[in-house]
Each structure stands twice: as C-alpha cells, then as structure tokens.
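K.L.:
Just dropping this structure here.
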Amino acid sequence: MSDMIHIRGLKKSFGSLEVLKGVDMTVRKGEIISIIGPSGSGKSTLLRTLIHLEKASDGEIIIEGEATLTQSGEHISESQIRQRCRKLGMVFQNFNLFPHKTALENVMEAPLTVLKKDKSEAIRIAEELLAKVGLSDKRDSYPYYLSGGQKQRVAIARALAMAPDIMLFDEPTSALDPELIGEVLSVIKDLASEHMTMLIVTHEMTFAREVSDKVVFMDEGRILEMAPPEKIFSDPDHPRIKTFLDKML
Amino acid sequence: MEYLIDSTRYILMGCTVTLKLFFITLILSLPLGFICAMGKASSWRTVRVLMDSYTSVVRGTPLLLQIFFVYYGLPIIIPGLRLERFNAAALTFILNYGAYFTEIFRSGIQSIDRGQYEASRVLGMSYTQTMIRIVLPQTIKRVLPTIANEAITLVKDTALIVVLGIGDILRNSKEIVARDFTISPFVIAALIYLGMNYLLVLFFNRMEKRYSVYE
Ligand SMILES: Nc1ncnc2c1ncn2[C@@H]1O[C@H](COP(=O)(O)OP(=O)(O)OP(=O)(O)O)[C@@H](O)[C@H]1O
Ligand SMILES: [Mg+2]
C-alpha cells in the first residue's frame, strides 16, 4: 500500500460555478507532482479541497489508506478528518505566518498545541527546522521584519513541524520578488532529495521540469494530462498544453 | 487646610466603591464581550440573533435606565429577586460594557485575515485553540485604543451609581457640598477622576507599546 493520496471523481462547486469537475489522481510515496495550468483552472481549489479547507461537493479522498471523503456519503467525523489530514502539511502563497509570534514561536505552535509536546521539546524541534531552512539567526524575529523569502521558509518549517508525510504547496513563490524565489525553491529541492511526497502548484516551469516526477496539467476543473515532465514539456497529448507552455516561456 | 485634608479623605473613602465597580466591570465584561463576539461570528443562527438583540437593546437604551431596571424592575418581574445595591449596579455595568465590548471585539475579529484561520487549521489546531492563541492576541492589539477609550468612559460612568445612594466619590463629595456649602469637594472629586484617568492612559500606552513589538 504505497498510495499516499487517492482521489476519485472529486467535484467542487462554489454556488453554481463548478470549479472541480471530477478529478482523479493517485500519488505514490515519495512522488513529486507539479500542478500547472491556466489561472482559474482549479489548482488551488484542488489542494484546498484535499486538505479540507474547502468542502468537496462529491467524490472520494483517501489519504494513506484512510478516507477523508467517501463517495457513498458515509459520515466521517470532523475530528477523524482532522486527524487524517495531519498527514498533510500546507504552504500558502502569502505565507500566513502568525504575525504576533516570532519565527521560532511560529514553528513551535503546532507541536505545542496540537502534538502537546512540552516547551523544551517544541523549541528543540523548531530550532532544528529553522536550521534546516537556513534561518537559525532569525529565530527571534517577528514576521514583519523578515523578507518574503524568509517568511516562506519559516512557513515551510512551520508545516514540517507537524511531521507530515505529504506537503502541499500552493504557488509558494508567486508572492516573492524574483531574487528571493531561488532560496525558497532550494528548500523545496532539499525536501525533494529527502523523498518527501509533494504536490506543488507552480508557475515556475523550469523548476517544475527539474524537480517533478510527474506534471499535472489542469484545465477548467479537470486534469487534462498527467505525465512525466519530459512528456508534458516536449510532447503533450493536448494542443492546449502546448499553447499554454509557449505563452509561459 | 485641615478641612481640605479631611474632606479629601472622606471623598477618597468613596474611591473604594468606585474602583471596585471599575475593576469588576472591566475584568468581567471584557471576556463576556469576546465570547459574545464569537457568538456573533457563529454559524448558529439562534446564537447570532440572541447576541444581536443583546447588543442592540443594551446599546440603544440609557445606562441609567438599565440600572433602574435591574434594581427596581427585576424584583417586580421576579418577586424575591432583589439584588443588593452594589451588586445590581455591578451586574448592570458588566452587561452594559459587555455589549459595547462585543461590538468592539466583533469588528476586531472580523479584521483578522482568514489566512490566519486557514494556517491554523492545516496545522491541526482546533477552533478554540485558533481563537485563543491566534485570533485573540491579534484582535487585542487592534482594539486596544478603543478599549482604552471605553475604560476612560467607564471611570466616569461609575458616578451614575449615586442614583442608588451608593457612597462613591461623587456621592461623598456631594454630601460635603450640601453640608458645608462649599464647592471645593467637587474640585477634589474632579481631580481624583482626572488622576484615575491619567493612570489609565499611562497603563494603556504601555500596553500598546508592548503589543507593538511585532510590527
Ligand atoms: N471561495 C470561493 N468562492 C467562489 N469562487 C471561488 C472561490 N475560490 C475559488 N473560486 C473560483 O474558482 C475558480 C478556480 O479557482 P482556483 O483558485 O482554484 O484557481 P487556480 O487554478 O488556483 O488559479 P490561479 O492560478 O489564479 O491561482 C476561479 O474561477 C475562482 O474564481
Ligand atoms: Mg491558485
């Protein structure tokens, strides 16, 4: 059972607007999947529905063998969903750091409150993770005083503090000045070399090509094609993908 | 001189009541306001309607009327429920200020970015943990100046309890004025209120400074 994520027929509507029109996807352990596609195609919604920030309208989600959404409509309690979603960590485009907490405190927060670690243990975890993202010297800085790239690295460390098996990134570099993108991508590459399972929504085509095992192209709420980067970038099945990529480069 | 000291001492005795009312009101109405503000944000319609009626009734009627209502009115509606004068005043003040703080906290909570809730949620934090550890501290920072204003108003509002014949600063000074036919007690009372508010302003300035470390 090496399927980390299993999605079947996932649908999501906002009012009368159907944003996900039946998405099927399987993610294996250690796989790195980039999700690309035009604006409004439902990439963010897919990640947000997966981690239950949005309530899906229909479909099935299974995370490491445990359902968080079933097609039969079988009831799964809120606390079960929360428990099962702990396998997932998420990083947002605009960081969403806690402004009233220092870098260290941001990373400590979930180990303290959710995992109920004692303070010294939480500090140890947080220091280790800040070192991992290269921000040991910023441990006592408040987010306001950090650059965008530093903020995003703290956000990654914060997500890792829950020791997730799968990391979701929603355009982690889109809010950054061009010169700061590299430092964030390099942290993600470090995770890739540790075989972290990752789903990455991105507009960084070079990065997607370099780091992913598979690239998913989304269009109008559907997966148009899911294939290794070589295939998507040089010989996609769908002409739309080619048009999109030509515009991006 | 001796006379002034004596009257000041007598007026200051009223201070105990004033301060007691001030602190009891502040300490209880702030959490009440925060909890009711969460009620207003609740997805449960009944709770929202209840909270809305509470704040509109309390904020739409005079505090003085509310004091009369609790002290003289309640025993008529519920025979036997006669609160002691100070308790009636304190209860009224808590409910009254609770309503104002509800509105203040509500707007503060609303101004918190929903990304904060989403970040907390994906970290596995519960709603209560999110509200207490993430939303509340940021809300306090934002509403602190408004709370400071309310606290200053509260110091002055405490004087309303003279209508129940409770011996606070104002009542004690008025007694001396009536007895000795001099206005100096009023001046002394004014100075005491001013002093209290001066200390309050200092306190809130310090709080605002403390909360401003993060941006
Ligand atoms: N909370 C919401 N309420 C209503 N409509 C929404 C909501 N969230 C997203 N949508 C709509 O759903 C569609 C898909 O949005 P989504 O954010 O998933 O696209 P995306 O592929 O991530 O685009 P982008 O590349 O611009 O981030 C869009 O038309 C958007 O307007
Ligand atoms: Mg998006």
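K.L.:
At a 1.4 Å probe, what is the % contribution of carbon and sulfur to the accessible area of the range A:138-178?
P.N.:
Carbon with sulfur: 38 percent of the solvent-accessible area.
K.L.:
Moving on. Enter the buried accessible area of the A/B pair, total of both sides, probe 1.4 Å, in Å² rounded to the nearest 100.
P.N.:
Rounded to the nearest hundred, the buried surface is 2200 Å².
K.L.:
Once ligands and nucleic acids are excluded and a 1.4 Å probe is used, how much of B:Phe203 is accessible, expressed in Å² to the nearest 10?
P.N.:
Counting only protein heavy atoms, B:Phe203 exposes about 110 Å² to solvent.
K.L.:
Out of the total accessible area of the range A:1-107 (probe 1.4 Å, heavy atoms of protein only), what percent is carbon and sulfur?
P.N.:
About 45 percent, which is the carbon plus sulfur part of the accessible surface.
K.L.:
Another question, if that's okay. Largest first, how would A:His195, A:His238 line up by accessible area (1.4 Å probe)?
P.N.:
Final ranking, largest accessible area leading: A:His195, A:His238.
K.L.:
Output the antiparallel fraction of DSSP beta bridges having both residues in chain A, as a percent to the nearest 5.
P.N.:
55 percent
K.L.:
Under a Cβ-only charge scheme (Lys and Arg +1, Asp and Glu -1), can you give me the dipole magnitude of chain A about the Cα centre, in debye to the nearest 20? Could the numbers behind the result be given before it?
P.N.:
Numbers: 32 positive and 37 negative charges, 90 e Å.
Using only the charged Cβ atoms, the result is roughly 420 debye.
K.L.:
Per residue, how much accessible area does chain A have with a 1.4 Å probe, in Å²?
P.N.:
43 Å²
K.L.:
Let me ask another. Tell me the label-point distance for the pair B:Leu65, B:Phe186, using the 7 Å Cα-to-Cβ offset, in nm and rounded to one decimal.
P.N.:
2.8 nm
K.L.:
For the pair B:Thr153 and B:Asp6, what calculated FRET efficiency results from E = 1/(1 + (r/R0)^6), where r is the Cβ-Cβ distance and R0 = 41 Å, to the nearest 0.05?
P.N.:
Rounded to the nearest 0.05, the efficiency is 0.85.
K.L.:
Between A:Met205, B:Tyr71, B:Cys15, whose Cα lies farthest towards the positive end of the dipole of the protein assembly as shown when Lys and Arg beta carbons carry +1 and Asp and Glu beta carbons carry -1, centred on the Cα centre?
P.N.:
B:Tyr71
K.L.:
At 7 Å along Cα-to-Cβ for each site, give me the label-to-label distance between A:Ser2 and A:Glu18 in nm.
P.N.:
3.5 nm
K.L.:
According to the Cα gyration tensor, what semi-axes, each the square root of 5 times an eigenvalue, does the equivalent ellipsoid of the range A:107-249 have, listed from largest to smallest in whole Å?
P.N.:
33, 16, 12
K.L.:
Moving on to the next point. Which value, in debye to the nearest 20, describes the size of the charge dipole of the protein assembly as shown about its Cα centre when Lys and Arg Cβ atoms bear +1, Asp and Glu Cβ atoms bear -1, and nothing else is charged?
P.N.:
1280 debye
K.L.:
Would you mind telling me the share, in percent, of accessible area of the range B:2-214 contributed by carbon and sulfur at probe 1.4 angstrom?
P.N.:
Carbon and sulfur: 68 percent of the exposed surface of the range B:2-214.
K.L.:
Using a 1.4 angstrom probe and counting only protein chains, how large is the accessible area of B:Ile78 in Å², to 10?
P.N.:
Number for this one is 90 Å².
K.L.:
Same structure again: So how far apart, in nm, are the two label points at A:Asp235 and A:Arg209 if each is 7 Å from Cα heading toward Cβ?
P.N.:
Here the answer is 1.6 nm between the modelled labels.
K.L.:
Contact order normalised by length for chain A, with contacts defined as Cα pairs under 8 Å and 6 or more residues apart; what percent is it?
P.N.:
Over chain A, the number comes to 25 percent.
K.L.:
Something else now. Using the alpha-carbon centroid of each, what span in Å lies between the range A:214-249 and the range A:121-158?
P.N.:
One Cα centre to the other: 35 Å.
K.L.:
Here's a follow-up. Is there a quick way to get the dipole size of the range B:2-214? I mean about its Cα centre, with the Cβ of Lys and Arg at +1 and of Asp and Glu at -1; what is the value in debye to the nearest 20?
P.N.:
Dipole of the range B:2-214, to the nearest 20 debye: 640 debye.
K.L.:
Find the Cα radius of gyration of the range B:2-214, compare it with 2.2 N^0.38 Å by division, and give the number to two decimals.
P.N.:
Normalised Cα radius of gyration, the range B:2-214: 1.21.
K.L.:
If you count only protein heavy atoms with a 1.4 Å probe, what accessible area per residue comes out for the range B:2-214, rounded to a whole Å²?
P.N.:
52 Å²
K.L.:
Separate question: If R₀ is 51 angstrom, what is the calculated FRET efficiency for the pair A:Asp58 and A:Ser147, using the beta carbon separation as r and rounding to 0.05?
P.N.:
Here the calculated transfer efficiency is 0.75.
K.L.:
Calculate, in nm to one decimal, what B:Ser126 and B:Val213 gain on full extension: separation in residues at 0.36 nm each, minus their alpha carbon distance.
P.N.:
28.6 nm
K.L.:
Mind listing, in residue-number order, the residues in the range B:126-153 that have at least 40 Å² less accessible area with every protein chain present than in their own chain alone (1.4 Å probe)?
P.N.:
Buried on complex formation: B:Gln129, B:Arg133, B:Ile134.
K.L.:
Report relative contact order for the range B:2-214 in percent, whole number only (criteria: Cα-Cα under 8 Å, sequence separation at least 6). Spell out each step's value before the answer.
P.N.:
Details: 196 pairs, mean separation 64.0, N = 213.
Rounded, it is 30 percent for the range B:2-214.
The values are calculated or read from the model by the stated rules, or taken from the named source; none is laboratory data. Keep in mind the model is a prediction, meaning the values are calculated, not measured. Positions of Cβ are backbone-derived with ideal geometry, glycine not excepted, and every protein chain shown enters the neighbour counts. Surface areas here come from the heavy atoms of the whole protein model, side chains and all, with no ligands, DNA or RNA. Shrake-Rupley method; radii C 1.70, N 1.55, O 1.52, S 1.80 Å.
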